[in-house]
Each structure stands twice: as C-alpha cells, then as structure tokens.
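As structure tokens, the structure follows; a few thoughts come after it.
The values are calculated or read from the model by the stated rules, or taken from the named source; none is laboratory data. Predicted model, so just to flag it, every value in this text is computed and none were measured. Neighbour counts run over all protein chains shown; Cβ positions are idealised from the backbone, glycine included.
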C-alpha cells in the first residue's frame with residue numbers, strides 16, 4: 001500500500017521483515033535455517049541490486065526483495081524473480097497504457113520486442129518516446145512471490 005500511495009517502501013517494514021525471516025528459519029532449523037535464509041536474502045539483494053544499479057528499480061524494492069528472499073530461501077527466490085519480472089512487465093504495459101494511451105503503449109512494446117528478439121538497434125525502439133513513469137514495483141513483487149509460492153514444485 002505504501003508503494004501505491006507514495007512510491008516508497010519504509011525501511012522499518014523491510015528491516016523487520018528480514019529479521020523475521022531470519023528468525024523464523026533459525027528457530028525452525030537452527031544454523032541450517034539461518035544459512036538458508038541468508039542465502040535467499042543475499043540472492044534477492046544481489047538480483048535486484050543489479051537492477052537498482054542501472055536505474056531500473058528503487059532502493060526500497062531492492063530491500064523488499066531481500067526480505068522476501070529471507071523467507072523463500074535461494075531456490076524459490078530465483079524462481080520468484082522470474083515470475084516477478086513477468087508480473088512487472090505486465091504492470092509496466094498496463095501503466096503505460098493507462099498513462100500514455102493503449103495504441104502508444106502497443107507501438108512502444110512492439111518496438112522493444114523487435115529490439116529484443118529481432119536484434120534491431122536500440123535506437124529504433126526509442127523512436128516512439130514514452131513518458132517516464134514510476135511503477136509501484138512492490139505490486140509486481142507481491143504478485144510474483146505469491147505466484148511462485150502456489151506454482152512452485154519446491155514447496
């Protein structure tokens with residue numbers, strides 16, 4: 001809800017979630033549980049820190065996914081990242097469609113798909129300018145995490 005309203009995720013929320021994830025796994029499985037939780041947290045942090053480094057994600061999203069990783073462990077953190085990326089892509093197209101118009105969003109998406117899959121130049125994909133929009137990526141993180149939990153063969 002914070003991300004939807006203010007595009008910020010509070011540190012007290014992500015910090016306490018990390019501590020809770022680490023504590024629960026440590027309580028349940030002692031040192032093995034702590035290591036499992038730390039690996040998931042480190043993987044979540046590392047994956048999203050890379051995206052933060054290139055400017056595609058905010059710091060709150062990075063900390064939120066580190067917290068998610070502390071609950072999921074390393075394997076499910078990786079599978080959740082794939083589903084979060086899919087949910088984020090759908091969210092981006094929907095946000096662009098609502099803010100810039102559906103036709104414009106479709107043209108922009110088509111140009112990017114051609115860039116990715118048909119090796120067109122990156123400049124060709126930028127020919128249809130789009131507004132810079134901030135996505136409430138915590139929504140995609142939530143959807144992808146729940147999706148990975150219910151769909152995962154690891155649970």
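Restricted to the range 1-33, and to residues there that are buried (at least 16 other Cβ atoms within 10 Å of the Cβ) and more than 17 Å from the chain's Cα centre (by Cα), the residue that is nearest to residue 71 (Cα to Cα) is 21. For the range 102-123, the count of residues that are at pLDDT below 90, surrounded by 13 or more Cβ atoms within 10 Å (Cβ to Cβ) and assigned to a loop (DSSP other than H, G, I, E, B) is at least one.
Restricting attention to the range 19-38, the residues that are touching a helix residue (DSSP H, G or I) at 6+ places or on another chain (Cβ under 9 Å) and more than 26 Å from residue 3 (Cα to Cα) add up to 9. Being surrounded by fewer than 16 Cβ atoms within 10 Å (Cβ to Cβ), touching a residue at least 24 places away in the same chain (Cβ under 8 Å) and part of a helix (DSSP H, G or I) is a property that residue 75 has. Determine whether the range 56-70 contains at least one residue that is at pLDDT below 95, under 12 Å from the mean Cα position of the chain (by Cα) and surrounded by fewer than 17 Cβ atoms within 10 Å (Cβ to Cβ). Checked the range 56-70: at least one residue is at pLDDT below 95, under 12 Å from the mean Cα position of the chain (by Cα) and surrounded by fewer than 17 Cβ atoms within 10 Å (Cβ to Cβ).
Across the range 44-68, the qualifying residues are those that are part of a loop (DSSP other than H, G, I, E, B) and in contact (Cβ under 8 Å) with a residue 40 or more places away in the chain, and the one among them that is nearest to residue 14 (Cα to Cα) is 58.
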